[in-house]
């Protein structure tokens, strides 16, 4: 039934009717909440989005709720306010600092915005965490690639120093 939403994408009223019908029939489905939130964000109905999030908190388990919050934060970057999207990612990461997938999504969203200083601060926060070797290597590689593209030699050397320091601690 979710595939029908794509058919009516251009016709907002029909799309909303289908989403509401599905919403009533499939309570507790993260996919339905995501589709509905996307519809709401595309149509600039922010107040309704808040109500939907509140409702989702009562019907979704924690893992699905985090997935929905990530989705909404991404939608904020695309359809709403970048600052609000940042705030949502910060809230998610405050409560789930070990969710490396969220850190990666956050970095990717910021790369689309292109604010180099913000991206650097995120990388610095990540590499200060206690991470296993594989995860640290992944983030340091991404950080170095970022600095090669946007930074200068001193910034690249800074990342290499972090890597050397990490290796010497292990």
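Annotations for the structure displayed:
- Inter-part distance where segment 88-105 and segment 40-70 are each reduced to a Cα centre, Å: 17 Å
- Here the gap between residue 94 and residue 42, fully extended at 0.36 nm per residue and compared with their Cα-Cα distance, gives a gain of 16.0 nm.
- Inter-probe distance in nm under a simple model that places probes 7 Å from Cα toward Cβ, at residue 54 and residue 121: 3.1 nm
- Gyration tensor over alpha-carbon atoms, segment 120-170, equivalent ellipsoid semi-axes in Å: 18, 11, 9
- Relative packing of 35-45, 77-87, 52-62, which averages over residues the other C-beta atoms within 10 Å, highest first: 35-45, 77-87, 52-62
- Förster-model FRET efficiency, 41 Å R0, residue 161 and residue 82, C-beta, rounded to 0.05: 0.85
- In the chain, one over the average inverse separation of all distinct C-alpha pairs is 17.9 Å, which is the Kirkwood hydrodynamic radius.
- The chain, relative contact order in percent, only Cα pairs under 8 angstrom and at least six apart counted: 11 percent
We did not get these values from a lab; they are worked out from the coordinates using the rules stated. This is a predicted model, so every value here is computed, not measured. So basically every Cβ, Gly included, is an ideal-geometry build from the backbone, and we count neighbours across all protein chains shown.
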